[in-house]
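The values are calculated or read from the model by the stated rules, or taken from the named source; none is laboratory data. Here the structure is a predicted model, which means the values were calculated and not measured. Cβ placement follows ideal geometry from the backbone for every residue including glycine, while neighbour counts extend to all protein chains displayed. Only protein heavy atoms, including side chains, enter the accessible area calculation; ligands, DNA and RNA are left aside. Shrake-Rupley method; radii C 1.70, N 1.55, O 1.52, S 1.80 Å.
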Amino acid sequence: MTKREIKAIQKALKAKGFYKGAIDGVRGRLTNRAIIDFKRSIGYRARSYMGPLTKAALFDGRVDQVTAGRTKREKAIAGLDEPKWLQVARSYLGLREYKGNRHNPKILEWWIKIRMPFTDDETPWCAGFVGGVLEECGIRSTRSAGARSYLWQNWGLRLSWPCVGAVVVFWRGSRTGTKGHVGFVVGRDQHGNLMVIGGNQGDAVTIKPFSTDRVLSYHWPANDIPYSGGGFESLPQVNSDGTLSINEA
C-alpha cells in the first residue's frame, strides 16, 4: 500500500472520528487501531486488513450486509472452521471489474496464476477468481477459464453433497450447453437457496443465492478432507433477500 493510499485512509478514518493521529502516510499502531475500530463499528471482522470490502465501506459507505449481518459467534466459527481458500476468497469481497479501458490488476493477476492469456477484466472471470484463489493457497486449479472445467476435468474429490468451502459448478443458459458459473459454497439461505461466493457475480466478488436446480457438481481439493459431513441441511444459514443471481457473464 502506497503512502498516498494510507493518507487517504487516515483522512477518511479521521473524518469518521476513528483516527486521532497525524495524516502522515505511515501505517502505524494508531492507524491500525482506527481501522479495527471502524470495522468493528460496521459489523466487520475486527482486524487491520484493508480489503476491497472495507475500502468500499470507508470511502463509499457501501456496507456488505451479508458480512455485517453475521453474529459474533458466526464470525468466530468462520475464522476457525472455514478452509483457508474460503477465507482468502472472503478477503476479496467487493472487488469488481473496472469500467472503460482500465482493468482491475487483481483480475489480471488471477489470469496469470491460472496460465490464461487474457489481459482484461471483461472476459468472464468466475473461473479466474476460483482458480486464482486456489493457486494463492498452493492448490492447483484446473488452470482453465471455463467454469465447467472443474466438472469436465473431474477436478479434486467429487462430492455428492454441498459443504462449506466446496467448489460448486452451475450451468448457465442450458444444462446441456457449455456455459457455466463456478464459485465456493458458504452456506444456505432461509429460502432454500445455496449461498455462494464467486467472481463476476454482478461484475464483482459477492455472495449471492443460487437455486440448487442449477448445480452440476461439487468438488473438494484432492489432498484435503471436507470440513463437514455435508448435506444441504448441515450448511450454516446465511440470510439473503432471496433474489437469485442472474448476472454472471
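Place a point 7 Å from Cα of residue 20 in the direction of its Cβ. Which residues in the range 36-50 have their backbone N less than 16 Å from it?
Counting backbone N atoms under 16 Å from the label point, the list is 36-38.
If you count only protein heavy atoms and use a 1.4 Å probe, how large is the accessible surface of residue 39, to the nearest 10 Å²?
10
Express in nm, to one decimal, how much length is gained between residue 33 and residue 99 on full extension, taking 0.36 nm for each residue of separation and deducting their alpha carbon distance.
Stretched out fully, the residue 33 to residue 99 stretch lengthens by 20.4 nm.
Return the loop-located trypsin sites (Lys or Arg not before Pro) in the range 118-196 (DSSP other than H, G, I, E, B) with at most 10 other Cβ atoms within 10 Å of their own Cβ; answer none if there are none.
Nothing satisfies the criteria.
Leaving ligands, DNA and RNA out of it, report the carbon-plus-sulfur percent of the accessible area of the chain at a 1.4 Å probe. All intermediate terms of the calculation are to be shown ahead of the outcome.
On the way: 6160 of 12040 Å².
The computed percentage sits at 51.
Between residue 158 and residue 88, how high is the FRET efficiency from 1/(1 + (r/R0)^6) when r is the Cβ-Cβ distance and R₀ = 25 Å? Nearest 0.05.
Here the calculated transfer efficiency is 0.65.
Test of understanding: express the Cα radius of gyration of the chain as a ratio to 2.2 N^0.38 Å, with N the residue count. Numbers along the way, then the final one.
On the way: Rg = 18.5 Å, N = 249, 2.2 N^0.38 = 17.9 Å.
After normalising by residue count via 2.2 N^0.38 Å, the value is 1.03.
Report the extension gain between residue 222 and residue 115 in nm, rounded to one decimal, defined as 0.36 nm multiplied by the number of residues separating them, less their alpha carbon distance.
Details: separation 107, 0.36 × 107 = 38.52 nm, distance 2.04 nm.
Net length gain for the segment: 36.5 nm.
Where only protein heavy atoms count, and the probe is 1.4 Å, what is the accessible area per residue for the chain in Å²?
Accessible surface, normalised per residue, equals 48 Å².
Highest GNM mean-square fluctuation, the chain, Cα pairs closer than 10 Å: which of 168, 185, 88?
Of 168, 185, 88, the Gaussian network model singles out 88 as fluctuating most.
Which angle between 0 and 90 degrees, to the nearest 10, do you get for helix 126-136 versus the longest principal axis of the chain when only C-alpha atoms count?
70
Compute the Rg/Rh shape ratio of the range 187-229: radius of gyration over Kirkwood radius, all on alpha-carbon atoms.
With Rg and the Kirkwood Rh in hand, the quotient comes to 1.01.
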